[in-house]
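Right, one structure below, let's go through it.
We did not get these values from a lab; they are worked out from the coordinates using the rules stated. These figures come from a predicted structure and were not determined experimentally. Cβ coordinates were reconstructed from backbone atoms using ideal geometry, including for glycine residues, and neighbour counts include every protein chain displayed.
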Ligand SMILES: [Zn+2]
């Protein structure tokens, strides 16, 4: 090696770290820009300070002799560290998303009749999706399953039913699809009325007092399946029970002036309601729910109308009224409607509003 070459080599080895030197290769430049806080980690002073020194004072630059091997090692180590960190946080991010959606999907609850549906949606609030199974104007006494209803049953994790023969169809459908669907009864805590044939009367939700018990039962079911929203369910339950009790008070007070509280209804759905407000139902137009009465039975109805001086018979939107209309004309009684709400009502309706409306119709018949 000649003298000139040695001099050049020495010059290169001792060349100070300058910005111009760092800019020589694009790769090094990128590394410097991205990793400059780490670039001089082996220096006793903070990296940012070195950077300023380098820019301002060429004498300071000379204290950092070029060491490409070291620089490259720092660069690769830093790059690897960044790669590991980015990969780690990306994995955490993507693993976290499915876990979140799995732990808190919105609970889907279905209820058979409108009162159960409305009570459930009041307690659920925004925390659960609540479906009504029985379509508008259907009656529990002649209800037939449709593919649309079966589809709703399949999508629900919880089905709130009357728990009696009246909506026993929910059980067979859920079994048919072997779906993990809980079918529960809203009847616990309710003192059931029994018909003469010893079958339980399924219309217990037509008592507002019973509705408060139903609300408590439904809240317990929702909390057991979705404990995360326990506080909200309990708050909604309390608020809704207050509304129910307020409606119950209104009905009691509105009926107070009427001592004779006799009504005839289309079918035997109103025992619980009558029991709450001291109404007397001497007979119903249909002997068997959903079936037209025989002539012999109708004679008994005529007799009760005369004995009790009945002026109005209450029909129901879910049942056929053809025969009842003829009968009313023949026997000089008027017709009015009260709604036992078996099938779905419009979304704007509410159980409480319909109960108040029913009361209004009954009071009108007393005037
Ligand atoms: Zn009924």
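The table below gives the values:
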read-out: Normalised convex hull volume, segment 257-366, alpha-carbon set, Å³ per residue; value: 103 Å³
read-out: Chain lengthening between residue 346 and residue 322 when straightened (0.36 nm per residue, less Cα-Cα); value: 6.2 nm
read-out: Contour excess over end-to-end distance, with Cα ends at residue 245 and residue 185 and 0.36 nm allotted per residue; value: 19.4 nm
read-out: Estimated distance in nm for a label pair at residue 259 and residue 231, the labels positioned 7 Å out from Cα along Cα-to-Cβ; value: 5.4 nm
read-out: Over segment 73-215 - Rg/Rh using Cα atoms and the Kirkwood inverse-distance radius; value: 1.31
read-out: Highest to lowest packing among 325-331, 138-144, 350-356, scored as the average C-beta count within 10 Å; value: 350-356, 138-144, 325-331
read-out: Label-point gap, in nm, between residue 220 and residue 106 - each point 7 angstrom along Cα→Cβ; value: 2.8 nm
read-out: Paramagnetic reach from residue 330 (point 7 Å along Cα→Cβ, amide N under 20 Å) across segment 269-302; value: 283-302
read-out: Once the Cα gyration tensor of segment 132-174 is diagonalised, semi-axes √(5λ) in Å; value: 15, 13, 9
read-out: Estimated distance in nm for a label pair at residue 85 and residue 288, the labels positioned 7 Å out from Cα along Cα-to-Cβ; value: 8.0 nm
